[in-house]
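The values are calculated or read from the model by the stated rules, or taken from the named source; none is laboratory data. The shown structure was predicted, so the numbers you read here are calculated from the model rather than taken from an experiment. Glycine gets a Cβ as well: all are built from the backbone with ideal geometry, and neighbour counts include every protein chain shown. Ligands, DNA and RNA are stripped out before the accessible areas are found, and what is left, the full protein with its side chains, is counted by its heavy atoms. Shrake-Rupley method; radii C 1.70, N 1.55, O 1.52, S 1.80 Å.
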Amino acid sequence: MSGIALLPGGFKPPTLGHFSLARDLATNSFDLAKVDGERLDVAEKPEDIKVDKVLVLIGVKERNGITSKESKRIWDIYKKHLPSNVEIIETGTNPMNYSKDSVVKKNPDTQYYAIVGLRSSEDLPDLGRATTYTNYPNVEVLPVLGKYTEVRASSLRDAILNGNEKEIKKFLPQELSDKE
């Protein structure tokens, strides 16, 4: 079934992992995650799951001085290297609440996929939070296996705070120019 992927998050700042997840969703080249206790594996993806569009929903909460406006500016740079079916939205609120109240409820005839990126067992609580979509028949939660298990926004923030340019680059998409 074709649908729109909802990718809510803080993205303070957006990393290579976030970029990769948005790109893979937009090109339908993502792997679903199979959760077996604390272990993650690749699940077989049903042929009828197809993402037509990706909505990246940026949360309002500031982290280490990084604001949603700064996150949006970074996503706008990333957007130059992403497929045209990726839309970046600064929500001004909690991104999951925004996705439900301002997107899903207003479009009951549209199929949505609530995306939960899972890099490791540390991310399993995120899957639990996605159960808030169970009251919406037009939303299916998709656990998607992340490709960059060591890439975390908190580690990138630490590298930024320490001024470690070499370390910072490890967390950014290779597609970016030096200027970007």
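Kindly rank 78-88, 51-61 from highest to lowest mean number of other beta carbons found within 10 Å of each residue.
51-61, 78-88
Averaged per residue, what accessible area in Å² does region 4-74 show with a 1.4 Å probe, protein chains only?
Result: 47 Å² per residue.
At a Förster distance of 41 Å, what's the computed FRET efficiency of Thr134 paired with Arg73, Cβ-Cβ distance as r, to 0.05?
Efficiency at R0 = 41 Å is approximately 0.75.
Quick check on my link table: of Lys106/Lys147; Lys105/Lys170; Lys69/Lys170; Lys12/Lys80, which ones sit more than 31 Å apart, alpha carbon to alpha carbon?
Lys106/Lys147; Lys105/Lys170
Keeping the other protein chains in place, figure out the carbon and sulfur percent of the accessible area of the chain, with a 1.4 Å probe.
On the way: 4520 of 9570 Å².
Solvent-exposed carbon and sulfur of the chain make up 47 percent of the total.
Treating only the Cα positions of region 1-129 as identical point scatterers, give the base-10 log of I(q)/I(0) from the Debye formula at each q in 0.10, 0.14, 0.18 Å⁻¹.
Once normalised to I(0) and log-transformed, intensities are -0.31, -0.63, -1.06.
Would you mind giving the average projected area, over all directions, of the Cα convex hull of region 69-109 in nm² with one decimal? Let's see the in-between values first.
On the way: hull surface 14.1 nm².
Taking the Cα atoms of region 69-109, their convex hull projects to 3.5 nm² on average.
Ratio to report: Rg/Rh of region 1-71, with Cα atoms as the point set and Rh obtained by the Kirkwood method; give two decimals.
Numbers: Rg = 14.4 Å, Rh = 13.8 Å.
When Rh is taken as the Kirkwood radius, the ratio is 1.04.
Stokes-Einstein at 20 °C, 1.002 mPa s, Kirkwood radius from Cα pairs: D for region 62-154 in µm² s⁻¹?
Value of D from the Cα-based Kirkwood radius: 142 µm²/s.
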